[in-house]
Structure formats: structure tokens, C-alpha cells
Amino acid sequence: MRREIHMFFLPFLAHGHLIPVVDMAKMFASRGVKTTIVTTPVNALLFSNTIARSKESGIHIGVELLNFPAVDVGLPEGCENDDLIPTSQDGNLEMITKFFQASLMLQQPFEKLLQERKPDCLVADTFFHWATDAANKFGIPRLVFHGISYFSLCASECMSLYKPYKKVQSDSQPFVVPNLPGDIKLTRNQVPDYVKQDAETNSTKLLKAIKEAELKSYGVFVNSFYELEATYADYYRNVLGKKSWHVGRVSLCNRKNIDKVERGNKSVIDEQECLEWLESKEPNSVLYICFGSRTNFTSSQLKEIAMALEASELQFIWVVRKQKNNEEEDDWLPEGFEKRMEWKGLIIRGWAPQVLILDHEAVGGFVTHCGWNSTLEGVCAGVPMVTWPAFAEQFYNEKLLTQVLNIGVAVGAQKWVRLVGEFVEREAIEKAVKEMMKGDKAEEMRNRAKALAEAAKKAVEKGGSSYSDLDALIEEISLRSH
Ligand code: UDP
């Protein structure tokens, strides 16, 4: 019999990183691995219900806490998740820098924990670059979790190796990403700032440290499945020579509705009410719009989206991160909008039960910012997507959806921007959502998306590609720790 192995998970302190790591820990635990998530008190509260419910169903996940030195670096007390970083005009750069500074300070208490608990393996987020050294100190393999697709991992690597954005005449002139399969075209405008910068900044220093740590680590852990991006999984492993395991989509371990609800923050809408609203709609008739946990839009952009939705005559659920003003109507909504849309649309102000909504048969399309979790959730729900990327590696995910998988319609965002999405006019939004929801092209995209959703399910079933890769990883760690 295999000796029980103990795995530590150290997720970055942001919803898009925390949510898949909790699912990942659950997945390992359900395969007989002892798992412990190491995080801070505020973040632990975000998934305490999930842990409690898993325990009731016989899946035990341990939690160890580290104090986050927010106040020591000049952040407000309790600012332990990047969702809680106060907003400012300059895109929060100063606060974000402080947040990373505090994250660096977790190294020492974390090493103490490694020494005491002696796990067999550590899966740590890419942003905790110091985790490789910490693990090496105790002879433990460290796996890197980027939380992004194989496609984006490959695209990032090719951009950094060949710097094609330096060889074009203007920011808007398209170039092909050299050596990346698929003839993928981008413009300099769409390349992340931290990739283009030559001068040393906090971001470029962080990127360098992350790269060095990855080279010294045991391998890379990817939340994706082989059938979705086989060409890029092979390219990453065989051409770029990276050791990696794909075990996704990790959240497919959550089958029941209740597990789809408790992800990240608490939903601001009663889930039952949300489901009842969806039940009253025809299959594939509702558009779902959500831009993840970090992207914001100006009031004028929100108004533009509202007008596009009304003009499209589609039914919709629209998640808006802006809170309601004290006044009768929000300043970002056209006058009388909510009254006119009473039966057609549902606006959720705050956190929505995204997976619960996406997986409902009434939902026929998703307008997304192309964060990897949302992208994968859309794929696994079998819906086509309107792509509206803003920052991080979201423009790469847009290309995967629109140019490789052919299940996406680009809204036309042209520029990489930090946290506040680029302005897109109502006509472009209306055109894209209609193209995704209605007509022959929509039908073809939906069929392709449904086939991918089927493949995703098979991948995590016994004998499937992700299931087998997870087995191989557990076996390897087990042998190694023996
Ligand atoms: N999410 C959610 N409700 C919301 C907003 C986001 O459940 O109202 C979840 C979403 O399902 C996904 C994660 O938060 O799992 C966002 O991750 P993603 O990588 O898509 O984007 P990020 O927030 O990191 O930009």
C-alpha cells in the first residue's frame, strides 16, 4: 500500500488564485492525500464553509494560518486579499507594492511551519517566488501554480524569448508570436506593461524572481485539461522543456449546486432566487456578463453596456462591482433602465454565484474579461464567449478563445490596461453579443463549446487525461518521499 503523503498548498491572496487552489486541495484529498492549505486569517474565512462541508462528506482539508503583516507595511488592518486593497487614481500601484512587500514577509513564518509539519510536497503560487528556496531548504519539491493556461504559459515564454513587440513600427501594428503554434497575432498595445518594460521596476524585478524560482522548482502545475489545448501542452513540455502536470479543471470536483455557490466572497444574491429566475427562461436564451474579481469600469462604460444590452433585446444577468448609490437610481444606469428591464434582466451588484449561473441551461453566452478561471468555467459550461480582456494574461486567453478554439467573439478591446477596462462603444458590444447568441455562427460556436465541456468532464473521470496526470503526480511524490 502507498504511504500517505502530505501536501502543502500556498495560494496567492486573491480570489482568482485562492478559488482554484481550494478546489485543488479538495481534489488531492479525495484521492487519499493529506492536504493542508496555508493562508491568512481573512482568506481562511472565505473558504471555511467549503472546508466544513468537505469534512462532512469525508474529505478532510487542514488549514494553517500565517499572520499577514498588513499594518507593518502601511496597509489597512485586515487588508489580506487583493480585492480589499483600497482603490486609487493611479491603479493602486503604491498599495499593490505594499501588498507584495507584506507577502514577501510571509517567508520566515512559513519556513517555520515547513520545519514543524514536514510535508512531502509544496504547491505554491507563482507570486511566492521565495517558496522554492524555502522548500529546497527542507528537501521538499516545490511545484509552481501560475493559475493560467498552457497557451498563456507558452505565449509568455515566446514573448520573453523573441520580443516580437520590439520589431514593429507602431503600437497597433500586428505581429505573429514567433514559434508559437497557430500563427497567433497580437499588437504591442495588447502586451502587458511588465513584459515590455526595459527599465528595472518593481514589476520587472518580481517577474525576474518568479522566473528564477521556477527554473529551480520541481515543476509546474496547470489548471487545464489536455484535450482543450493539446498543442500547447505538448509545446510547453516538449519544446520549451518544462516539467508540468495538468489536472483541471480542478473545480469539476464540485458537483453539487451548493459547492458551486461558495466560491470566494459570499454571493450578494439569494441563490435560490437566482435559480428560480433562470428556471423561468428558455435554454440558451440568457446572456451572463461578469468581469471577475478585479476589473472595474467607469460609470460611462457601465452606461454604455446598459444601452447595448437594451438595444440587443437579449435577456441577461449582469454582475456589476459598483455598489448602489444612496439615490433612487445609480448614476451609471440610463434613466428607467431597471424598470424597463424588469423581466428581461437581473443586475447583481457585488459577488455572484458564477459557476451556478454559468452551468444553468438557460445561459447561452458569457461576456468575460478572460481571466483564466472564468474562461475555463465558460468552457466547462459549454457556452460561447464575448471576450473583453483588460490586463494580466487576458489578451492571450482571448486569442485562445477566438483564434484557436473558435468559441469566442472579440468585443474589440485593443489595449492592455491595469484594472480599469478599456472603453468600448455600445454598437460594438451590441454587435458582439448578438453574434454570440443568435444565428448560424452562434450555433456552431455553441456546438464546439458543448463538445469541449464534454471533454472536460471526461478528463477528470477515472482514466481521463487529468485524472491520470494527477495519479502520476501523486505516485511520483510518493516514491520520492519514500
Ligand atoms: N467569481 C465569482 N463571482 C463573481 C466574480 C468572480 O464567483 O461575482 C469567481 C469566478 O467564478 C472565478 C474567479 O472568481 O472563479 C475569478 O477568477 P478569474 O481568473 O476569472 O479572474 P480574476 O478575478 O482573477 O481577474
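For region 162-220, filtering for residues that are within 21 Å of G241 (Cα to Cα), of a type in the set (A, V, I, L, M, F, W, C) and exposed (fewer than 13 other Cβ atoms within 10 Å of the Cβ) leaves 1. Here E304 does not qualify as over 22 Å from the mean Cα position of the chain (by Cα), away from the ligand (no atom under 16 Å from the Cβ) and open to solvent by 30 Å² or more (accessible area, probe 1.4 Å).
Only one of the listed residues (K415, K462, K457) is open to solvent by 50 Å² or more (accessible area, probe 1.4 Å), charged (D, E, K, R) and within 19 Å of G378 (Cα to Cα). That residue is K457. Residues of region 13-41 that are closer than 22 Å to S466 by Cβ, within 16 Å of the ligand (Cβ to nearest atom) and not acidic (D, E): G16, H17, L18, I19, P20, V21, V22, M24, A25, K26, M27. Residue count for region 94-138, restricted to those that are open to solvent by 10 Å² or more (accessible area, probe 1.4 Å) and without any contact (Cβ under 8 Å) to a residue 40 or more places away in the chain: 15.
Criterion first (closer than 17 Å to A381 by Cα and buried (at least 16 other Cβ atoms within 10 Å of the Cβ)) does R237 satisfy it? Spell out the reasoning first.
Details: closer than 17 Å to A381 by Cα: no; buried (at least 16 other Cβ atoms within 10 Å of the Cβ): yes.
No, not satisfied.
Within the group V247, V319, which residue is open to solvent by less than 20 Å² (accessible area, probe 1.4 Å) and either modelled with pLDDT under 95 or of a type in the set (D, E) (or both)? Quick ask: steps written out before the conclusion?
On the way: V319 fails: either modelled with pLDDT under 95 or of a type in the set (D, E) (or both).
Going through V247, V319 in turn, the sole match is V247.
Go through (1) within 12 Å of the ligand (Cβ to nearest atom); (2) part of a helix (DSSP H, G or I); (3) in contact with a Pro (Cβ under 7 Å, 6 or more places away or on another chain) one by one and return the number of the condition F395 breaks. Status for F395: all satisfied but (1).
Scan P334, P384, P353, P389 and give me the residue that is more than 14 Å from Q315 (Cβ to Cβ) and touching a Gly at 6+ places or on another chain (Cβ under 6 Å). Going through P334, P384, P353, P389 in turn, just one is more than 14 Å from Q315 (Cβ to Cβ) and touching a Gly at 6+ places or on another chain (Cβ under 6 Å): P384. Scanning region 1-12 for residues that are within 18 Å of D471 (Cβ to Cβ) and not basic (K, R), which turns out surrounded by the most Cβ atoms within 10 Å (Cβ to Cβ)? Among those residues, the one meeting the criterion is M7.
Those residues that are of a type in the set (F, W, Y) and without any contact (Cβ under 8 Å) to a residue 60 or more places away in the chain, I need them from region 139-167; list them, please. First the steps, then the outcome.
First pass over region 139-167, keeping only residues of a type in the set (F, W, Y): 145, 150-151, 162, 165.
Answer for region 139-167, where residues must be of a type in the set (F, W, Y) and without any contact (Cβ under 8 Å) to a residue 60 or more places away in the chain: Y162, Y165.
Against the test of being out of contact with any His (no Cβ under 9 Å at 6 or more places or on another chain) and hydroxyl-bearing (S, T, Y), the options S466, S478 yield a single qualifying residue, S478. Residue count for region 375-392 satisfying the condition of being near the ligand (Cβ under 8 Å from one of its atoms), open to solvent by 10 Å² or more (accessible area, probe 1.4 Å) and in contact with a helix residue (DSSP H, G or I) (Cβ under 8 Å, 6 or more places away or on another chain): 1. Scanning for something of a type in the set (D, E, K, R) and at positive phi, does region 85-93 turn up at least one residue? Within region 85-93, not a single residue is of a type in the set (D, E, K, R) and at positive phi. Return the residue satisfying two criteria in turn: it lies in region 46-60 and is among the hydrophobic types (A, V, I, L, M, F, W, C) and within 16 Å of the ligand (Cβ to nearest atom), and of such residues it is surrounded by the most Cβ atoms within 10 Å (Cβ to Cβ). Per the stated criteria, the residue is F47.
The values are calculated or read from the model by the stated rules, or taken from the named source; none is laboratory data. Not measured: the values here are computed from a predicted model. In this analysis, Cβ positions are derived from the backbone assuming ideal geometry, glycine residues included, and neighbour counts consider all displayed protein chains. Accessible surface is based on the protein model in full, side chains and every heavy atom, while ligands, DNA and RNA are left aside. Shrake-Rupley method; radii C 1.70, N 1.55, O 1.52, S 1.80 Å.
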